[in-house]
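Chemist: The structure's right below; bear with me while I get my questions together.
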Amino acid sequence: MWTRACIFDLDGVVVDTAKYHYIAWKRLTDDLDILFTEKDNERLKGVSRMDSLEIILEIGGKQLNISEKMELAAIKNKWYIEYVSRMTPRDILPGTLEFIDVLKKNRIKIALGSASRNTPLILNRIGMNNAFDAVADGNTVSKAKPDPEVFIEAARMVDIETGRCVVFEDALAGIEAALNAGMICIGIGDKNILKDAHMVVKGLYEMDLNKLTALEKRLGYE
Ligand code: G6P
Ligand code: MG
């Protein structure tokens, strides 16, 4: 196997938290009289909390000072935490644990690479705090995707060169980040949207070692 490490995004790959981000932002935008739709929410996937707020304020044509922004981000996060605190291991997306198990049996390192500062809380709620060899998240890195920092840091933590890492991502910004890191990227979601990924599957339940090997071969890594 060419691949030595697999790096997973959290939101939208391991768990479906996009819906909770959406309801929390929606609650805030309703209070602010900003029209915010599920389509707008797509733009926030993979984007950091403060950058998400900036996008929302731009949609609503509102200008606020930094302390007002910090306050709004804190309120949104308080609501978001209320929702994710109710998550359980049943919220792990189908195929995740099975695929991770296969990778581990084949001595491939497993890392997490997420922009979320709530990563430890979520991993704890779904019982996956010991599932990864390394966790790089919004608490350990400062540059948001599409900057490759979070994936490069995850590779460093598992001590594998970036060129032998495969990233699983559901967001456009995340796919760009993986490509910027010089990694193979497998998109999770709709192949018409995630066009830049090297391959797209609907969920980790569609992944297996044969697909990974076939992709390595197609890309000329063997
Ligand atoms: C992930 C999600 C984004 C979210 C970001 C920060 O990348 O896809 O929608 O804004 O994490 O999450 P946080 O939990 O720190 O607010
Ligand atoms: Mg994501």
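The values are calculated or read from the model by the stated rules, or taken from the named source; none is laboratory data. Source: prediction; values computed, not measured. Heads up, the Cβs are rebuilt from the backbone with ideal geometry, glycines too, and the neighbour counts pull from every protein chain shown. Ligands, DNA and RNA are stripped out before the accessible areas are found, and what is left, the full protein with its side chains, is counted by its heavy atoms. Shrake-Rupley method; radii C 1.70, N 1.55, O 1.52, S 1.80 Å.
Chemist: With angles folded into 0 to 90 degrees, how steeply does helix 66-84 sit against the dominant principal axis of the chain? Use alpha carbons for both and round to 10.
Modeler: Long axis of 66-84 versus the principal axis of the chain: about 60 degrees.
Chemist: Here's something else I'd like to know. Pop out the carbon and sulfur fraction of the accessible area of the chain as a percent, whole number, probe 1.4 Å.
Modeler: 48
Chemist: What relative contact order, as a whole-number percentage, does the stretch 56-182 give when Cα pairs under 8 Å and 6 or more residues apart are counted?
Modeler: Once divided by the residue count of the stretch 56-182, the mean separation gives 20 percent.
Chemist: How large is the charge dipole for the stretch 18-88, taken about the Cα centre, if only the Cβ atoms of Lys, Arg (+1) and Asp, Glu (-1) carry charge, to the nearest 20 debye?
Modeler: 300
Chemist: Further question on the same structure: On C-alpha positions alone, give me the angle between the axis of helix 49-60 and the longest principal axis of the chain, in degrees, nearest 10.
Modeler: 50
Chemist: A follow-up question, please. Tally Lys and Arg at +1 and Asp and Glu at -1 over the other residues with C-beta under 11 Å from the C-beta of Lys62: what net charge comes out?
Modeler: -3
Chemist: Highest first, please rank the peptides 209-218, 163-172, 105-114 by the mean number of other Cβ atoms sitting within 10 Å of their residues.
Modeler: Listed from highest to lowest mean packing, they are 163-172, 105-114, 209-218.
Chemist: Next question. For the stretch 77-168, give the magnitude of the charge dipole about the Cα centre (Cβ charges: +1 Lys/Arg, -1 Asp/Glu; no others), in debye to the nearest 20.
Modeler: Around 160 debye, computed over the stretch 77-168.
Chemist: Same structure, new question: Hey, what number do you get for the chain at 222 nm if only DSSP H runs of n ≥ 4 count, each worth -39500 (n - 2.57), divided across all residues, to the nearest 500?
Modeler: -13000 deg cm²/dmol
Chemist: What is the Cα centroid distance between the stretch 132-147 and the stretch 35-83, reported in whole angstrom?
Modeler: Cα centres, the stretch 132-147 to the stretch 35-83: 20 Å.
Chemist: Please compute the alpha carbon radius of gyration of the chain, then divide it by the globular-protein estimate 2.2 N^0.38 Å. Two decimals is fine.
Modeler: Against the empirical 2.2 N^0.38 Å value, I get 1.01 for the chain.
Chemist: Charges only on Cβ, +1 for Lys and Arg, -1 for Asp and Glu: so what's the dipole of the chain about the Cα centre, in debye to the nearest 20?
Modeler: In debye, rounded to 20, the chain gives about 440.
Chemist: Using only Cα atoms, find the angle between the long axis of helix 209-218 and the longest principal axis of the chain, and express it within 0 to 90 degrees, rounded to the nearest 10.
Modeler: For helix 209-218, the angle is close to 80 degrees.
Chemist: If you don't mind, another one. Heavy-atom accessible area per residue, the chain, 1.4 Å probe: how many Å²?
Modeler: Counting only protein heavy atoms, the per-residue value for the chain is 50 Å².
Chemist: What is the Cα radius of gyration of the stretch 1-106 over 2.2 N^0.38 Å, N being its residue count?
Modeler: In units of the globular-protein estimate, the stretch 1-106 measures up at 1.31.
Chemist: Using alpha-carbon pairs under 8 Å, 6+ residues apart, how would you state the relative contact order of the chain in percent?
Modeler: For the chain, the relative contact order is 27 percent.
Chemist: Toward the positive end of the charge dipole of the chain, about the Cα centre and with charges on Cβ (Lys, Arg +1; Asp, Glu -1), which of Ile34, Val158, Leu97 goes farthest?
Modeler: So the residue furthest toward the plus end is Leu97.
Chemist: Zone of Glu161 (label point 7 Å along Cα→Cβ, backbone N under 20 Å): which residues in the stretch 97-133?
Modeler: Label zone hits: 107-111.
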